[in-house]
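Peer 1: Starting off with a structure, shown below.
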Amino acid sequence: MTLLIKNVRLESGYLYDQTFVTSTETKIVDVLIENGKFVKIAPTIEVGGAAVVDAKNQLLVPSFREMHTHIDKTYFGGGWKAPTPAIEGIFTRFKEEAILLPKQLDVAEERAHAMVRHYIKNGHTHIRTHVNVDPQIVTKHIEIAKRVLDSYQDQITYEIVAFPQHGLLRNGHEFLTVFEEALQMGATHIGGVDPALVDRDSGEVLKTTFHLAQKYDLAIDIHLHERNTLGEFEILQIVNEIERRSFKNEVTLSHAFAFADLPQQSLDNLIDQVAANNVGVTTTVPIGAGPITLPVKYMYDRGVKVSFGHDSLTDHWSPFGSGDTIQKLNQFIQRFGYIDEWHIGQSLKYATGGLTPLNEAGEQQWPKVGDTANALLVDAVSSAHLIARQCPISTVISKGKIIHEKEIELKGEFR
């Protein structure tokens, strides 16, 4: 397929007032896409046989990557229902799921479709979903998630984390057999959750997790909600397993609240060890009464690959998810008080797999000829404008194909 985007705005550099960035320079060009790749960028392009889109001076930015969600257990697509108080913490939710999830099986597939469609229209071309494997659901959710995501494989890429939500070892050998079966049903990652709290044996859980990841050649993505020194201890155990096994597949820490409340020296040591072992961290940018928001930019600047996720849209854990990553980025810049063009614009990378149109020095780095054409047309004049004013998306492009379009009123810089 050949797609020609005419009159599109690309970021080209920063304008400075002595030492600080005052605004983003842009240029209006034509962009040609063939076979899912950017193949030409020029002031004017004319080519026969192409589908033509007039961008009308809209900005082109990289598409979003949803790096942590749960499409298999959601109220989204159904009626309003608020979560109940978690009197026993995470164990309240386990008891609840043992009853709730079997009841929701009849609507689980329909709601998963609703979530995927919602993510697509909000600019996502990649989804990583954690999918329950537990004593009641066994492999049913893996089957549903795989079937749903496969039906969108011409639109998005995806990853499936086989997630032992109710613990890996505490449910006995029979459950481990079921879990291994799930790992062979299309999972790309093996998951986990709070091994010290849930299974009461973080060392054995992590040994088993890494053993299974090596056995089935999977990546790892573990939920860690533990704070302070217990969370630090679990993260260091993970680092030790990576080093001991020379584990080469991707490892991600989801939530990892310990990074939010450690003393500075301990924090720096932990960040440096995580970065040295190429461990990524995914956060929802939580806001709460205590220290819960990760020092995202500080971690990134010290070498940790940080990404954003929504976790849920609405379910029995939380009613607050939106699936709107522009809103998520806006929440992030407000939380950290970023008000200038440079800090706001550079924050885009946490939602795009590290991509920004301009690098930190203001040099144009995206799109380049040869890059995969995953992109959004947005009614904004810069990445900073997009995030700060939460400008709308008109067009979602995945591998060079338009997968969602919406007619919007174009206001440009006046939003």
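The values are calculated or read from the model by the stated rules, or taken from the named source; none is laboratory data. Everything numeric in this text was worked out from a predicted model, so none of it was measured. When we count neighbours, we look across all protein chains shown, and the Cβ atoms used for this are built from the backbone with ideal geometry, even at glycine.
Peer 1: Suppose we keep only residues that are among the aliphatic types (A, V, I, L, M) and outside the structural domain of residue 71 (by TED's automatic domain parsing) within region 309-339. Which one would you say is farthest from residue 390 (Cα to Cα)?
Peer 2: Kept after step one, since they are among the aliphatic types (A, V, I, L, M), are these residues of region 309-339: 313, 326, 329, 333, 339.
The next check asks that each one be outside the structural domain of residue 71 (by TED's automatic domain parsing); those that pass are 326, 329, 333, 339.
Numbers: 326: 6, 329: 9, 333: 12, 339: 14 Å.
Ranking the qualifying residues of region 309-339, first place goes to 339.
Peer 1: Still on this structure, please answer the following. Do we have residue 129 as touching a helix residue (DSSP H, G or I) at 6+ places or on another chain (Cβ under 8 Å), polar (S, T, N, Q) and part of a strand (DSSP E or B) here?
Peer 2: Numbers: touching a helix residue (DSSP H, G or I) at 6+ places or on another chain (Cβ under 8 Å): yes; polar (S, T, N, Q): yes; part of a strand (DSSP E or B): yes.
Taking the combined requirement at face value, the residue satisfies it.
Peer 1: Name the pairs whose Cβ atoms lie under 9 Å apart, with the first residue in region 136-164 and closer than 16 Å to residue 115 by Cα, the second polar (S, T, N, Q) and surrounded by fewer than 22 Cβ atoms within 10 Å (Cβ to Cβ), and 6 or more positions between them or separate chains?
Peer 2: From region 136-164, the pairs are 158/188; 159/188; 160/188.
Peer 1: Within region 315-367, which residues are over 18 Å from residue 20 (Cα atoms) and among the acidic types (Asp, Glu)?
Peer 2: Matches in region 315-367: 315, 324.
Peer 1: Going by the structure shown, is residue 183 over 30 Å from residue 396 (Cα atoms), surrounded by fewer than 24 Cβ atoms within 10 Å (Cβ to Cβ) and over 20 Å from the mean Cα position of the chain (by Cα)? It would help to see each step written out before you state the result.
Peer 2: Working: over 30 Å from residue 396 (Cα atoms): yes; surrounded by fewer than 24 Cβ atoms within 10 Å (Cβ to Cβ): yes; over 20 Å from the mean Cα position of the chain (by Cα): yes.
Spelling it out, residue 183 is indeed over 30 Å from residue 396 (Cα atoms), surrounded by fewer than 24 Cβ atoms within 10 Å (Cβ to Cβ) and over 20 Å from the mean Cα position of the chain (by Cα).
Peer 1: Then there's this: Here are some residues: 107, 116, 138, 161. Which one is modelled with pLDDT of 95 or more, part of a strand (DSSP E or B) and of a type in the set (Val, Ile, Thr)?
Peer 2: Working: 107 fails: part of a strand (DSSP E or B); 116 fails: part of a strand (DSSP E or B); 138 fails: part of a strand (DSSP E or B).
Criteria check complete, one pass: 161.
Peer 1: Are any residues in region 298-320 in contact (Cβ under 8 Å) with a residue 40 or more places away in the chain, out of contact with any helix residue (DSSP H, G or I) (no Cβ under 7 Å at 6 or more places or on another chain) and more than 18 Å from residue 161 (Cα to Cα), and if so, which ones?
Peer 2: Passing the criteria: 300, 305, 314, 315, 318, 319.
Peer 1: Okay, moving on. Which of the residues spanning region 221-252 are over 14 Å from residue 196 (Cβ atoms) and in a strand (DSSP E or B)? Full working, then the answer.
Peer 2: From region 221-252, those over 14 Å from residue 196 (Cβ atoms) are 221, 239-252; that's our starting set.
Once the filter is applied, which keeps residues that are over 14 Å from residue 196 (Cβ atoms) and in a strand (DSSP E or B), region 221-252 yields 221, 251, 252.
Peer 1: Quick check on region 20-60: of everything there that is closer than 16 Å to residue 359 by Cα and among the polar types (S, T, N, Q), which residue is surrounded by the most Cβ atoms within 10 Å (Cβ to Cβ)? Walk me through it before giving the result.
Peer 2: If we filter region 20-60 for residues that are closer than 16 Å to residue 359 by Cα, which is where we start, we get 20-26, 60.
Narrowing further to those that are among the polar types (S, T, N, Q): 22-24, 26.
Working: 22: 12, 23: 16, 24: 23, 26: 19.
Ranking the qualifying residues of region 20-60, first place goes to 24.
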